[in-house]
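The structure appears right after this line, and notes come after that.
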Amino acid sequence: MMKEPMEKKCARCGAALLCYAGTGKGCWCEEYSLSRDTLKYLQEQYEDCLCEECLKSFAEKPENVR
């Protein structure tokens, strides 16, 4: 049985977001590329997901990923 997307609040700004991790669909956040240093920083600063707007400020979204 597939899990439903989880409603969360961004750990940085508090905006509502849907997390698709563990649903079998893949999550929208996987479309963003993070350097190893950036990922480590985010893991140290925040205990949960970031919304797309906050994640954009730390990541690059490759043009060929949909």
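A short reminder: the numbers here are calculations on the coordinates, not readings from a lab. Keep in mind that this is a model prediction, so the values were computed, not measured. Here the Cβ positions follow ideal geometry from the backbone for every residue, glycine too, while neighbour counts run over all protein chains shown.
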Checklist entry - Taking the Cα centre of the chain as origin and charging only Cβ (+1 Lys, Arg; -1 Asp, Glu), how large is the dipole, in debye to the nearest 20? => result 80
Checklist outcome for this item: Once normalised by the length of the chain, the mean sequence separation of its alpha carbon contacts under 8 Å that are 6 or more apart gives a contact order in percent of 36
Item to check | Kirkwood Rh and Cα Rg combined as Rg/Rh, the chain | outcome: 0.96
Checklist entry - Okay, helix-only estimate at 222 nm for the chain: each DSSP H run of n ≥ 4 adds -39500 (n - 2.57), divide by all residues, round to 500 deg cm²/dmol; what do you get? => result -6000 deg cm²/dmol
Checklist entry - Summing +1 for each Lys or Arg and -1 for each Asp or Glu, what net charge is found among the other residues whose Cβ lies under 10 Å from the Cβ of Cys10? => result 0
